[in-house]
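Heads up, the thing below is written out as structure tokens.
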Amino acid sequence: MFATIKNRFATTDIEVKREDLYKVVVQRDAIFELIFMLREQYDYQTLNAITCCDWIEEEHFAITYILTTSDRKQSFMVQTMIGREDAQIDSLTHTFEQAEIMERDLHEMYGIDFPGNQNLVELSLENWVHTPPLRREFDTLEFVNNNLSFREGRDGNMDVKKEMKRLRALKKAQKAAAKKAKEEASEVSDGN
Amino acid sequence: METNKHITIFHGPQHPGITGNMSVELDLIGETIQKATTHVGYLHRGFEKLVERRTVIQAFTIVCRICVPEPDPNEANFAMAVEELAGIEVSERVKYIRVMVLELSRLASQCMWLAGQSGSIGLYAVGQWAIADRDLILDLFEELTGGRVYHMYIYPGGVRRDLPDGFLRRLEKVLNHFKKRLKEYDNIFINNASFKSRAIGVGIVSPEECIKNGYVGQVLRGCGIEADVRKDAPYLVYDQLDFEVPTAQGGDVYARALVRRAEMDQSIHILEQVIDKMPEGEIMVKMPTHRKFKLPKNDTWVKVESSRGEFAYYMAGDGSEKIRRMQVRGPSLVHAFTLLEDLLVGAELSDVALIMNSLGICPPEIER
Amino acid sequence: MKWSIDISGTLSPLGILAAMMQKPNTIAYPAVKKETAVGYRGFHTNLLVDCIGCANCQDVCMNDAIDMIKTDKEYNVKNSSQCIPRIDYGRCCWCSLCTDVCPPDSLKLDEEYLGVTQYASDFLYMPKDK
């Protein structure tokens, strides 16, 4: 199987993660061909999940289709990269009915467009107007600071490291002052 | 649409027969459903995003909240994914303890299902009994983990506490109680004529559809397909334990009920073996502090069998102390949309809660 | 649908009547209290003679529930910051990571878990000194 995939899709990126889990990374235009080939020839009949991971430094999303054989003993992760700007990849709804809800989920969380999916309406976020929340540039802390407030009365929090430093400096100063006072006192007594 | 003929109603989110905070919009003619649309969004807490902001160790405490009635498969999945990415090997004792916790939580979750399923057709006494029995398991959890519902016990690299003195004996006592009790449940619920007449022939799923659409758990097993992650891709020590995968024919609500009932027997059987075989050993490998524990740049897909079917996690690390991506694929995501919307068409209004409960839909894991 | 009488299915559920003779599963709450298991994750306690004010608990807390504040109570002489933790129970999730990382093991979770108050400000909880 691996040799066929390597030859046909010009990829060397096949990994055996576990006994029951393989992973392959292919070019974006070849991914559906590969999925259909796995489905027709190697019995990978079930689409278990479509996952997405945001690699913001490398400017792409890694979309992974997880396929499982009909006896459920082998899984195959088929991964491809799509650009972050105007992200889009064709829908799989015509082959796998369950892809509809998975794509709907990713559409909402990452703003990826799936041409061919008729039902990309909002799922769990109601009237969301900000950046799609699972993109890395969406900063939850900033969102919280802008929209929500902390409980009142939580003042009095000390920065412990600074406080330790201050106390140490204070102690040192006190020690030095005591030493100085002692020296002065002895000088005075010497003078007498 | 003709006027005065169609009615559109919302079933949920506050309907007592519903499985959690979700609603189904139903188009009715008379009592018959023409179209069903699932709506979620009452429970979105953004765990997948929150995990990205926390270190691995900090993130471990929120994954259990992804599914309320059965938190442990989440913890096990999270721990297994982190261990696989970081290359940690846990001891035999840890594996046995994890199996014990997972099976106990499966048993507790099936009790919860008994309560929901019987409540959905009005047999409330069964529900009260099942919840009372579930409490015995929660007492065990309280003793073992310090929490009744959210255990936060299966830690990446081990488990957080060792078994207390005499814990296995008390577990055995509870199991003996359950064995007696399950026969009574057979009499008053599974063999009950009113449950049979309501459940047989309702909500039928075909085996081909199951495989194609990725349905899992009791939906598959209720169609006569022997599918169980514990057998198909054994994790922890399930390959050393003796158990069967119960199946039933028919693919309807009653078949799924029979499967669940038989699974309770199997869980008890597994737990008895765990009591006999529990090895000695370390309960935790030495872990670095939470700011120093780093995951390499890699990704993986792990799955366990929860009480409602395959529960899987996709996890990607990026070389830092934070998790780059954790995606949850619970059994409910496909069941609540692709399957439920199909099954409800043509069903009666009074069967909605029955069908939803038999699919084991859990809204918290749809929305994460 | 053909209708026929399911005799055993109709009679066997009547076995539930036997439960009327059994003792109830519930307990009469205010009179009888349920014993909490040892090691239950309840309210925090902090032994001040041991606390060193290192703020490890604040660092590991993922919910930002812990504030390190100055105290007027008597504290450990080795407490280098002279601060002790205060916990916001509106944010705490009782995961007990803070007690895991406490170097002198002074911060602990107690078996006590019942708290009733009419003021939201009481959610800011000073761990009991024990």
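The values are calculated or read from the model by the stated rules, or taken from the named source; none is laboratory data. As the structure is a computational prediction, the values presented were derived from the model and not from experiment. As a convention, Cβ positions derive from the backbone with ideal geometry for all residues, glycine included, and neighbour counts pool all protein chains shown. Ligands, DNA and RNA are stripped out before the accessible areas are found, and what is left, the full protein with its side chains, is counted by its heavy atoms. Shrake-Rupley method; radii C 1.70, N 1.55, O 1.52, S 1.80 Å.
Take the Kirkwood radius over Cα pairs of chain C, plug it into Stokes-Einstein at 37 °C and 0.692 mPa s, and you get 179 µm²/s for translational diffusion.
Here is the interface size for B with C: some 2200 Å² of accessible area buried, both sides summed, with a 1.4 Å probe. The tail of the calculated P(r) for the range B:278-334 beyond 17 Å holds 58 percent of all Cα-Cα pairs.
Panel note: contact residues of the range B:171-206 (accessible area lowered by at least 30 Å² against the chain on its own; 1.4 Å probe) correspond to B:Asn187, B:Ile188, B:Ala193.
Around the amide H of B:Ala233, modelled in the peptide plane, lies no amide H under 5 Å away from a residue 5 or more places distant or on another chain.
Under the convention that each Lys and Arg Cβ holds +1 and each Asp and Glu Cβ holds -1, the size of the dipole of the range A:2-147 around its Cα centre is about 660 debye.
Here the Karplus relation 6.51 cos²θ - 1.76 cosθ + 1.60, evaluated at θ = phi - 60°, turns the backbone of the range B:36-42 into coupling constants of 10, 10, 7, 10, 10, x, 8 Hz, with x for every Gly and Pro. Applying 1/(1 + (r/R0)^6) with r as the Cβ-Cβ distance of B:Glu172 and A:Met1 and R0 = 56 angstrom yields a FRET efficiency of 0.75. Amide H contacts of B:Tyr155 (H built 1.01 Å from N, in plane; Pro and chain starts excluded): B:Arg160 sit under 5 Å, all sequence-distant by 5 or more or on other chains.
Summed over both chains, the accessible area lost when A and B associate is about 3800 Å², using a 1.4 Å probe. Inter-chain neighbour count for C:35-41: the average number of beta-carbon atoms from partner chains within 10 Å of each residue's beta-carbon is 6. Under 5 Å between amide hydrogens, built in the peptide plane, is the criterion, and for B:Ser306 it picks out B:Phe311 among residues at least 5 positions away or on other chains.
Note that the range A:146-161 has calculated 3J(HN,Hα) couplings of 6, 10, 10, 10, 6, 4, 6, x, 8, 6, x, 6, 9, 7, 5, 5 Hz, one per residue in order, obtained from phi through the Karplus relation 6.51 cos²θ - 1.76 cosθ + 1.60 (θ = phi - 60°); glycine and proline are x. Annotation: peptides B:303-309, A:141-147, ranked by per-residue average of other Cβ atoms within 10 Å with the highest first, follow the order B:303-309, A:141-147. For chain A, the Cα gyration tensor yields ellipsoid semi-axes of 62, 24, 14 Å (square root of five times each eigenvalue, largest first, whole Å).
Peptide B:91-98 has a mean shielding of 0, counted as Cβ atoms of other protein chains within 10 Å of each residue's Cβ. Start at zero, step by 10 Å, and the Cα-Cα distances of the protein assembly as shown spread as 3, 13, 22, 24, 19, 10, 4, 2, 1, 1, 0, 0, 0 percent across the bins. Expressed as a whole number of Å, what is the distance separating the alpha-carbon centroids of the range A:1-70 and the range B:35-53? Rounded to whole Å, the Cα centres lie 27 Å apart. Entry note: the range B:1-146 has Rg to Rh equal to 1.10, where both radii use alpha-carbon atoms and Rh is the Kirkwood radius.
Computed about its Cα centre, the charge dipole of the protein assembly as shown is approximately 2080 debye, with only Lys, Arg, Asp and Glu carrying charge at their Cβ. Approximating the spin labels as points 7 Å out from Cα along Cα→Cβ, the B:Asp139-to-A:Phe36 distance works out to 6.1 nm. Shielding of peptide B:210-217 by partners, expressed as the average count of other chain Cβ atoms within 10 Å per residue Cβ, is 5. Accessible surface for chain A, divided over its residues, is 56 Å² per residue with a 1.4 Å probe.
Comparing the full protein assembly with the isolated chain (1.4 Å probe, heavy atoms, ligands and nucleic acids excluded), the residues of the range B:226-254 losing at least 20 square angstrom of accessible area are B:Asp232, B:Ala233. A:Glu59 sits among other residues whose Cβ lies under 9 Å from its own Cβ, and their net charge, with Lys and Arg +1 and Asp and Glu -1, is -2.
Think of a 1.4 Å ball rolled over the protein heavy atoms: the range B:6-367 then has 32 Å² of accessible area per residue.
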